[in-house]
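Inspection log for the structure reproduced underneath, given as structure tokens.
The values are calculated or read from the model by the stated rules, or taken from the named source; none is laboratory data. This one's a predicted model, so the numbers in the text were calculated from it and none came from an experiment. Reconstructed Cβ throughout: ideal geometry from the backbone, glycine too, with neighbour counts over all protein chains shown.
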């Protein structure tokens, strides 16, 4: 079985009824699941929250997906709202940039206690 076929099989779930018949349905992609989470939540979710909920090991994957989602939802009259990252020591608030990622160090106090940015998807007004 090729690698591509193995990846496709991962997204298929088998639902069997009591009668013994099986119905195959394709599960949503990881990006679609992240987008749905960000649309349905009442409060901003961080990359760590998303990793925990979807059992993703690397935060960098979630940041890449959020950047891609922010570009793709523009055609759907939706927008990605970002609660900017901030420093836990001096309360410095970072600027929101075009790509989604967590800063590593505060430029003001040089502290590394960074509160991660939060993300939401809402209809554009």
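In the range 97-122, which residues are more than 13 Å from the chain's Cα centre (by Cα), buried (at least 18 other Cβ atoms within 10 Å of the Cβ) and farther than 16 Å from residue 48 by Cβ?
The answer is 106, and nothing else.
Only one of (1) farther than 20 Å from residue 28 by Cα; (2) in contact with a helix residue (DSSP H, G or I) (Cβ under 6 Å, 6 or more places away or on another chain); (3) part of a helix (DSSP H, G or I) is not met by residue 48, so which one is it?
(2)
Does at least one position in the range 85-95 carry a residue that is assigned to a strand (DSSP E or B), touching a strand residue (DSSP E or B) at 6+ places or on another chain (Cβ under 9 Å) and free of Cβ contacts under 8 Å to residues at least 12 places away in the same chain?
Within the range 85-95, one or more residues are assigned to a strand (DSSP E or B), touching a strand residue (DSSP E or B) at 6+ places or on another chain (Cβ under 9 Å) and free of Cβ contacts under 8 Å to residues at least 12 places away in the same chain.
Determine which single condition residue 17 fails, assuming it passes every other condition in (1) at pLDDT 55 or above; (2) out of contact with any helix residue (DSSP H, G or I) (no Cβ under 6 Å at 6 or more places or on another chain); (3) farther than 17 Å from residue 122 by Cα.
Going through the list (1) at pLDDT 55 or above; (2) out of contact with any helix residue (DSSP H, G or I) (no Cβ under 6 Å at 6 or more places or on another chain); (3) farther than 17 Å from residue 122 by Cα, residue 17 breaks only (1).
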